[in-house]
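Every number in this text was worked out from the coordinates using simple rules, so none of it is lab data. Given the structure is predicted, the values throughout are model-derived calculations rather than measurements. When we count neighbours, we look across all protein chains shown, and the Cβ atoms used for this are built from the backbone with ideal geometry, even at glycine.
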């Protein structure tokens, strides 16, 4: 009847609107600033609405009253079912707000005309992954296949039309391509478990295969090659956003795997592997950051050091692990975006990221030089940076079990800090390019905002308490 409202499920509205806006912004991609602002408003608006939504309220009536959104409704297509669960809500909100923050930065700094539309398509994929509740296989077993498709699309975003080698972006395909077959074989072993419940060999094999697949996806040393290579060749804001979106999805996948398959934690040696490889990742990231003379790789290796510490905390048994992991990840988001904003301005003004291009640039680009340095140092846990509180708490919890790994990680962070001190001497040394232009007021304003946020979190980390308490719903059931 004409008087009846149209009832649609939330997954259909959310994913469908993201794809529709992606198509629209692609048509308008030559207006980069306008599409970035529109994308930020759209993603941020969705994030704010979902953050405040009451899932106990069955219907959400859109303005006009003609369309009702069923908050608990399901979307079933091709054997896949999507529905908003309470545990998925923090992941979706975090992804939306991450993208909105990146778009706001891009409104001030061009990162390629295709960035906004392709990123919205990627965001739709990650959100669909969080909404997936059933399929031909259990959602954790299907996730690596979806990550292969998302990684393939990410290559085009990371390349951003630059005439540079695509080796870095292409390396990001390797972990999901290697992991997906392991999850498929694990699915076959899981199907064998009911046939002989007394035999644990099928469950043990499935758990070990999934653990190995997760380890490949988490990309510790020696599977880390994509991150520093991408940081060197791709636009900085694009690099930061895509790394963070992927890592958030992987953390959620790790929890969903453990909660979906009760035998996983019993038979999988993942904690042991994460303990050793997380330590190796943190150490190698710090040492490589101390040794590299490429600014992009310095940032990438420091981010790798920070990721290694997160993996090390994931290996800590007990209820304190996930809250600290999420705290570290939240600080990582702030540090990565702060560094990306500063590095983008440095790259655009100097024409490159070699030490020769950056010599003395700090005298003309003081605010954005400070943003890059403070953001990078935050990934190393330097005092008065956003990451300091999280790194100190992580080292304490690791040292409670064994002080030696904590001491080694602390020394490795010193290596990363040394790399940034060396870079600071270059940035604030004698200026060689006298034609270098000064920062625009808009760039200065952006740098002041991200610097203020980083320093604010260093001084008052309790700002993270409310978001983290909500985010824990996705990782504690």
query: Just one of (1) 22.9, 71; (2) 22.4, 77; (3) 20.9, 64 is Rg and Dmax of the Cα atoms in Å calculated from these coordinates, so which is it?
result: (2)
task: Treat each spin label as a single point 7 Å out from the Cα along the C-beta direction, and report the residue 20 to residue 400 distance in nm.
output: 5.0
task: Compute the normalised compactness of segment 389-444: alpha-carbon radius of gyration over 2.2 N^0.38 Å, N being the residue count.
output: 1.83
message: For the ranges 130-140, 428-438, 89-99, 219-229, what's the packing order if you count other beta-carbon atoms within 10 Å of each residue, average per peptide, and put the highest first?
response: 89-99, 219-229, 130-140, 428-438
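Taking 10 °C and 1.306 mPa s as the conditions, I'd like the Stokes-Einstein D for segment 271-477 in µm²/s, using the Kirkwood hydrodynamic radius from alpha carbon pairs. Don't jump to the answer; show the numbers that get you there.
Values: Rh = 17.3 Å.
Taking Rh from Cα pairs, D becomes 92 µm²/s.
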- line: Ranked output for segments 294-303, 242-251 by mean other Cβ atoms within 10 Å, highest leading, reads 294-303, 242-251
query: How high is the FRET efficiency between residue 259 and residue 462 when r is their beta carbon distance and R₀ equals 30 Å, given to the nearest 0.05?
result: 0.55
field: Area projected by the alpha carbon convex hull of segment 80-174, averaged over all directions, nm²
entry: 6.8
field: Expected 222 nm ellipticity per residue - DSSP helices of 4 or more, -39500 (n - 2.57), all of the chain, to 500
entry: -23000 deg cm²/dmol
statement: Descending packing, highest mean Cβ count within 10 Å first, for 262-272, 195-205 is 262-272, 195-205
query: Counting alpha carbon pairs within less than 8 Å and at least 6 residues apart, what relative contact order, in whole percent, applies to segment 91-172?
result: 33
- prompt: Label residue 76 and residue 196 with points 7 Å out from Cα along Cα→Cβ: what is the distance between them in nm?
  reply: 3.5
Neighbour-count ranking [beta-carbon atoms within 10 angstrom, fewest first] of 60, 367: 60, 367
- prompt: Taking the DSSP beta bridges in the chain as the whole, what percent of them are antiparallel, to the nearest 5?
  reply: 70
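Could you please rank 322, 51, placing first whichever residue has the fewest other Cβ atoms within 10 Å of its Cβ?
With the fewest neighbours first, 322, 51 line up as 51, 322.
Only bridges with both residues in segment 1-136 count here: give the DSSP antiparallel percent, nearest 5. Numbers along the way, then the final one.
Working: 9 of 13 bridges.
So the antiparallel bridges amount to about 70 percent of the total.
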- prompt: Which translational diffusion coefficient, to the nearest whole µm²/s, is obtained for segment 1-136 from the Stokes-Einstein equation, given a Kirkwood hydrodynamic radius over C-alpha pairs, 37 °C and 0.692 mPa s?
  reply: 210
